[in-house]
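The values are calculated or read from the model by the stated rules, or taken from the named source; none is laboratory data. This is a predicted model, so every value here is computed, not measured. Backbone-built Cβ (ideal geometry, glycine too); neighbour counts: all protein chains shown.
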Amino acid sequence: MIKSLAMRLVYAMLLFVLVACGSGGAGGKEPTSSGLFGVVWSGAQFAGVGNSGMIRTSPDGVSWTFRNSSTVNSLLNVAWSGTQFTAVGNNGAVLTSPDGVTWTMRASGTSRDLYGVAWSGSQFAIVGGSGAIFTSSTGTQWTPQTSGTSENLYGLAWSGTQFVAVGYAGTILTSPDAVTWTAQTSGIADPLGGIVWSGTQFVAVGNAGAILTSPDGVTWTAQASGVENGLSGIAWSGTQFVAVGDTGTILTSPDAVTWTPCASGTTNSLFGVAWSGALSRFVAVGWSNVILTSPDGVTWTRRS
């Protein structure tokens with residue numbers, strides 16, 4: 001079985017090669033074969049990022065517009081600070097935008113792939129290949145930090161007092177400031193790719209249906225997902241978690257303990273999911289340019 005983390009990385013690298021050789025699309029133009037790997041809600045619009053520098057924005061999750069990123073690097077994740085989007089991706093790619101329309105490439109100082117990004121209220125933190133971590137208060141100038149691990153780090157979340165990074169071989173790191181990091185015990189060897197903070201607990205998801213919960217980022221409990229498919233993304237609405245992954249897998253849970261599978265209407269792998277409280281709507285994105293919306297995480301409508 002192809003797992004979602006491996007699938008996302010293989011697709012991203014393959015498509016980078018195709019574009020570099022002149023076979024793919026350019027940023028701002030729809031590629032002939034495409035995938036969206038990350039999505040975020042800003043309070044006014046969704047922004048989705050994907051292969052070959054693809055960026056798409058939408059005020060409602062229904063109608064989407066392609067934006068020019070000026071890069072052929074695949075973009076793997078995106079975060080919103082309250083005033084700025086920051087997108088990260090292959091070969092150390094970092095782009096910022098105040099409005100989702102005009103994007104500026106930034107020097108990250110690395111050629112490592114960058115997989116996860118989060119905003120703490122005072123700074124962005126980025127995680128990536130071989131334990132890479134970078135921080136920036138503005139998103140324009142980046143400082144490398146020491147993670148203490150050589151494992152790839154795929155996901156990152158902020159709780160209000162603490163960052164938690166997750167990655168390959170069940171790696172979990174915590175930090176109050178994104179500078180000093182402490183390794184924690186996950187109890188599993190599966191790669192972890194997505195993580196979210198609900199206000200009371202962290203929930204991390206990964207390969208082979210792995211789901212872990214923690215009230216503090218230190219003590220982790222494995223939960224039964226009921227699936228063997230890899231899980232790549234997770235979001236919290238205030239009342240419900242939604243996890244997405246391989247072959248259109250979607251799971252919902254009110255407490256991150258009891259999980260229910262839902263019909264997505266697609267067999268394409270889903271990589272990212274976000275919630276808009278203003279619209280009362282989830283948006284999930286994935287391979288073949290799939291975009292799905294749902295008011296409750298249960299009933300899904302394909303938009304692209």
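For the reader, a short list of remarks on this structure follows.
- Only strands (runs of 3 or more DSSP E) whose full extent lies in region 227-304 are considered here, and the ones with at least 2 residues that are touching a residue at least 24 places away in the same chain (Cβ under 8 Å) and more than 24 Å from THR200 (Cβ to Cβ) are 270-276, 281-286, 291-294.
- Candidates THR110, THR32, THR83, THR104, filtered to the one that is surrounded by fewer than 20 Cβ atoms within 10 Å (Cβ to Cβ) and at pLDDT below 95: THR32
Here is a yes/no grid of residues against (1) over 26 Å from VAL205 (Cβ atoms); (2) outside any strand (DSSP E or B); (3) touching a Pro at 6+ places or on another chain (Cβ under 6 Å):
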residue	(1), (2), (3)
VAL49	no, no, no
ARG56	no, no, no
GLY61	no, yes, no
SER69	yes, yes, no
LEU76	no, no, no
ALA87	no, no, no
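- The condition (being surrounded by fewer than 24 Cβ atoms within 10 Å (Cβ to Cβ), modelled with pLDDT of 95 or more and under 24 Å from ALA118 (Cα atoms)) is satisfied by just one residue among THR247, THR258, THR239: THR239.
- Where a residue in region 187-212 is free of Cβ contacts under 8 Å to residues at least 40 places away in the same chain and its partner, wherever it lies, is crowded, with 23+ Cβ neighbours inside 10 Å and of a type in the set (Lys, Arg), with Cβ under 7 Å and at least six apart: none
- Any hit, region 209-223, residues being touching a helix residue (DSSP H, G or I) at 6+ places or on another chain (Cβ under 7 Å) and over 18 Å from TYR154 (Cα atoms): no
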